[in-house]
Structure formats: structure tokens, C-alpha cells
């Protein structure tokens, strides 16, 4: 499965691991789960792990854009974890599409990303 979700801190942190290439259908699972957590907990913190991620199909990119526009205010903090230069650029690219504070971490620093997301949740 290209998108794997794991709720942490009683649903207030959502760890999202994407791998391979995302397709439009992948959002059919992700979006309802995200929306359920927002209804339950309000703004979420997201750990978005792009390790072994190779991009989006055109349809998936459109779904991602719609998701970003619809959930502009639903993310408090977003930690992007990756292993490639273009993935680091995604953290900067995403900033106009969200009110969230966004930081990029190399996959070797994933523990620091998790720590940045979690201190106030504990």
C-alpha cells in the first residue's frame, strides 16, 4: 500500500508514510481517515515520511491539491521526512497551501522530527 497511516497520541498525531508512486485511488483511504481525526481532535500534527517515495500520477497530484485547499487550516505542524533533495523542496513548496508550520528532516533525523511534533502532546 503506497500510503500507510498510524495514529499516535490518541489520534492527535498522524504518521503518514508514502512509498512508490501515489495514484488517485490512494486518496480514497487517506482523506476520510484524515477527516475523521480532524472531527475528533481538531488540528492535527502530521509526520509525513517520504522515504522511498517516487512521486504522484497526474490524478493523484490533483487529489493532493484538492486535499491541501480543503484542509488548509486543519494541520498545526507538518514534519516532512525524506531522503532526496526534491523532497526537501516539497517542504518549501507546501507552505502556501497550509497554515501549518512545516519543517523538513532528513530520514536520518526522523527521531528529531517526531520530537518536534510531540512535546506539547505528552
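At 4 °C and 1.567 mPa s, grab the translational diffusion coefficient of the range 1-62 from Stokes-Einstein with a Kirkwood Rh over Cα pairs, rounded to a whole number in µm² per second. The estimated diffusion coefficient comes to 108 µm²/s.
Reducing the range 21-39 and the range 82-122 to their Cα centroids gives an inter-centroid distance of 19 Å. Each 5 Å bin, from zero up to the one with the longest distance, holds this percent of the alpha carbon pairs of the chain: 2, 11, 22, 27, 24, 11, 2, 0.
Read the figures in this text as sums done on the coordinates, not as results from a lab. Since we're looking at a predicted model, the values are computed, not measured.
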